[in-house]
Amino acid sequence: MRVVSGIQPTGNLHLGNYLGAIRNWVRMQDALEEGSECLFFLADLHALSQPHDPAALRAATLEMTAALVACGIDPDRSVLFNQAQVPQHAELQWLLNGTARMGWLNRMTQWKDKAGKNREGQSVALFTYPVLQAADVLLYQATHVPVGEDQKQHLELARDIAQKFNNDFCPEDAPVFTLPEPIIPGEAARIMSLRDGSAKMSKSDPSEMSRINLADDADTVMQKVRKAKTDPEPLPSEVAGLAARPEAANLVGIYAALAGQEPAAVLAAFGGQGFGAFKPALGELLVETLGPIRERFVALKDDREALDAILARGAARARKRGMPTLDAAYRALGLVRH
Ligand code: TYM
């Protein structure tokens, strides 16, 4: 088993990242058997797809490293690194650009959402970003990729690229790439904004009140939950009653994911009660879960030396892991290098 996943180091780690992906990373790391391995990385090359400030990117990469360690990623057991220190990612992307099709990339919903009506004005990197993402996992022969629901389509693309490359350039019994399987949590695959139940919780939302950051202190968390958008009805007793109530469904979903319960069990306890009772209970559960993570994060985030050392060691290990596949891809394409 080879587990590989990444996160963009832009802004703070928020509750959607944590429940949708990072908590699963930690669980998979902790459950791994002998001979299996996890690689987790900061997708700093991906940041170039949108306007960015170089100094802020540098700081955010280190900060996100501290956040991942605080969440439980252990750099001794998992390979933790940033893409920019492993040039094989960008190299493999170029090789895969010959296999990926314009039509496939044109269908990516994230491209459509982010480009909006101004496609002509976007960077080429925003369009080809999913090919880099495919390279990120195919480079390491990933078998399992823990991600939130919004990344599922990108993973399907990675599988299509791998399949076409294997078909076009490899003997049937010696494919270069493994087809990766997305691992998406059932209960928290899509955490929504606290201000709008129809938009996902996201780093790029301009409103800080829309998301809970892992670095928020207890007062801030309680305040954000108190001010979260809701409707005037009490909570229903059955899950079916949440159908047309996206904000209520989101808060119940967050509670369920944190408590390790089904939404039905949460409604069995809180059905009939108003948000005046439910929100403080949810806030306390959040503070209880995030408090220890925040403490570890604060203790590590300014330790530049320790963070640099973690990333340098992780990158050296990742470069070694990626080399055989990159070599095989060059060879399959008939590119002479020696
Ligand atoms: P990113 O940085 O946007 O998010 C990191 C992880 O968090 C998940 N996530 C969510 N899950 C549930 N609810 C939400 N509101 C929510 N918001 C984010 C994402 O699904 C993701 O798993 N392109 C990727 C980073 C990436 C990557 C990769 C992932 C680059 N290369 C290779 C996997 C494999 C991204 O922008 O994720």
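The values are calculated or read from the model by the stated rules, or taken from the named source; none is laboratory data. All values reported here derive from a predicted model rather than from experimental measurement. Backbone-built Cβ (ideal geometry, glycine too); neighbour counts: all protein chains shown.
Restricted to strands (runs of 3 or more DSSP E) entirely inside region 77-183, those with at least 1 residues that are of a type in the set (S, T, N, Q) are 79-82. Looking across region 57-86, the residues that are free of Cβ contacts under 8 Å to residues at least 40 places away in the same chain and either not basic (Lys, Arg) or not assigned by TED's automatic domain parsing to the domain that holds HIS14 (or both) come down to ALA59, ASP76. The numbered conditions (1) away from the ligand (no atom under 14 Å from the Cβ); (2) in a loop (DSSP other than H, G, I, E, B); (3) touching a Phe, Trp or Tyr at 6+ places or on another chain (Cβ under 7 Å) are all true for ILE73 except (1). Within region 179-197, residues that are under 9 Å from GLY20 (Cα atoms) have Cβ atoms under 8 Å from residues that are more than 8 Å from the ligand (Cβ to nearest atom) and part of a loop (DSSP other than H, G, I, E, B) in these pairs: GLU187/GLU262, counting only partners at least 6 apart in sequence or on another chain.
Inside region 34-52, residues that are under 22 Å from GLY314 (Cα atoms) and within 11 Å of the ligand (Cβ to nearest atom) make up a count of 9. Kindly indicate the residue of region 226-251 that is among the polar types (S, T, N, Q) and in a loop (DSSP other than H, G, I, E, B) and also nearest to ARG190 (Cα to Cα) among those meeting that condition. Only one residue fits best here, namely THR230.
Each row is one residue, and each column tells you yes or no for (1) within 9 Å of the ligand (Cβ to nearest atom); (2) surrounded by 24 or more Cβ atoms within 10 Å (Cβ to Cβ).
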site: THR10; (1), (2): yes, no
site: LEU15; (1), (2): yes, yes
site: TYR18; (1), (2): yes, yes
site: MET28; (1), (2): no, no
site: ALA31; (1), (2): no, no
site: PRO54; (1), (2): no, no
